[in-house]
Every structure is written in structure tokens, then in C-alpha cells.
Amino acid sequence: MLPDLQAAFRAATIGRDSDAVAALSAGGMQNGHRFGIYRNNIYRSLAGVLEAAFPTVCNLVGDENFAVLARRFIAEYPPQRPQLFAYGGDFAAFLAGFAPAVEELPFLPDLARVEWAVNEAYFEADAETLNAGHLAGLAPERYAGLRLGLHPTVRLIESDWPVWDLWGAEALPSPGPDSGPDQWPPAMQEGGQRVLVRRPESKVDVVMATHGDFAFLSALAARDTLGEAAAAGVAADPDFDLSACLAGHLAGGTFHSHVTSDAG
């Protein structure tokens, strides 16, 4: 009985189902016109969650346009979990399928992926990071067989657009939103970027990764050995420097402290 009532209430509010409103009213729930109040409160609350999770997208499209996007998204993707911080994971996919948005601002879905990665990293569980001390005393010949796990807060995003430059932007680069993609500055037309998101402690880092670094981390994420990941980094960028890369990630907290080895 209760699940049926909850489903009907959800259909009457988020789903805007007039039949559900009528059924609830017939079942004894009076003042059916007040569903509009519930509905507006729900939409405003969820729209606020989306605005908090995607502030740059909101800045670039404007408050009014973002409100339209949020309303459409909420209607198509109602919450599936009780935790509000978990709401919005499908927003990038929604934007990719919303032609009016991507025709004018084709980078929006990838920018939303970056912002959602930041949101996920912020709320991810804490975990110990790998540091140089964990590897102290390890014989050099064993390094190639190590399998370094990425910290659970790590997210990797690759885009054809300069999403790292755009992340946190208050407005579009000149000449502005009234011009098509072919009129944007050269950096906007040419620059695909790769982004590493991580939160080793309390602060989320959003770092632009090189081709080699991104290939290296992607290989580790696929559970390749350190030797295999280094080879992937060199294949993507002949100037890839494994020592400098490792030092940077150990200092930045990119890896989980649990390390396994194929070298016995």
C-alpha cells in the first residue's frame, strides 16, 4: 500500500501526471490543487542541487537557460537515491542528447562530466594515499611489475574541448555566446584537454594532464603494471618522463596505498 502511494505521489509531483493526482484525490487526499505547491518545492530543491553541482555550466548558459535545462532534466531523470549529493550523474548524458544546447555550446556535456567528477570526488570515501615511503627499499627490478591502484577519488576525463580552461569560468571567452563555434578564439576551436580530478585529503584538485600522463594513468586504471603503463605513456608522448610523473603523483596523492606486484 505505502509503495503504491509513494509511486502515485511521485507521478503526481515530478511526473506531472494528472491521472495520478485524480487517483490520489479520489483516494481521500484532499486539496489536489496543492500538488502544484509540492511540485514547485521539489523542482526548486532539485534545481538547487544541480546548480550547486554544475556551477560553471550554469554560469555559461545563464540562470534562465539553466532553469529550463534543470526542469527538463528533473522530469526525465527523477532522483533514484535518497542522497541529494548523488543527484545529477546523468546530467552530462542529458546535455549530450539535448540538441539546442550542444548545437550552440558543444563542449557542455564534457564540461558537465568534469563538474560531476569534482562532485563525486568531494563526496567519495577517504582512503590512504601512496607515498615514497611505501616504496622505500623496493629492488629496482621489481618496479616494472608493480600495480599501482588509483585513489578512489580519482576521475579521468578526456575531451575534444578545452574543458580544463573552461572549468570555473564565469563567462565564455570572447567573442561571446552569440557567435557559433567557428567564430570562437583559436584556443577554443583547437584545444582538446585531459583532466585529472582527485581529492587525497579535504580539497579537490582539478589538474590538466598531458597526453603521456593521461595514457599512463588510464593504463593503471585498467590494472596494467607500472612497466606497461610507462610504455603507454611513451607511446602517447615520446617525451613522457616516468620519474617526474611518478614524483608528481606521489606528491599529489593520485595513488592508493595498496600496491601489488607481479614480480614475486
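Taken together, the values in this text are just the output of simple stated rules run on the coordinates, not laboratory data. Everything numeric in this text was worked out from a predicted model, so none of it was measured. No Cβ is skipped: glycine too gets one built from the backbone with ideal geometry, and neighbour counts run over all protein chains shown.
In terms of its C-alpha gyration tensor, the stretch 126-264 has a prolate overall shape, because the principal axis ratio a/c (a ≥ b ≥ c, square roots of the eigenvalues) is not below 1.5 and a/b outweighs b/c.
Please report the net charge: other residues with Cβ closer than 13 Å to the Cβ of Gly145, K and R +1, D and E -1. Charge balance in the 13 Å sphere: -1. The calculated FRET efficiency for Arg81 paired with Arg142, based on their beta-carbon distance and R0 = 45 Å, is about 0.60. Here the Karplus curve 6.51 cos²θ - 1.76 cosθ + 1.60, taken at θ = phi - 60°, turns the phi angles of the stretch 151-157 into couplings of 4, x, 7, 6, 10, 10, 10 Hz, with x standing for Gly and Pro. In order along the stretch 103-116, phi translates into HN-Hα couplings of 5, 8, 10, x, 7, 4, x, 5, 5, 5, 4, 5, 5, 5 Hz, rounded to whole numbers, per the Karplus curve 6.51 cos²θ - 1.76 cosθ + 1.60 with θ = phi - 60° and x for Gly and Pro.
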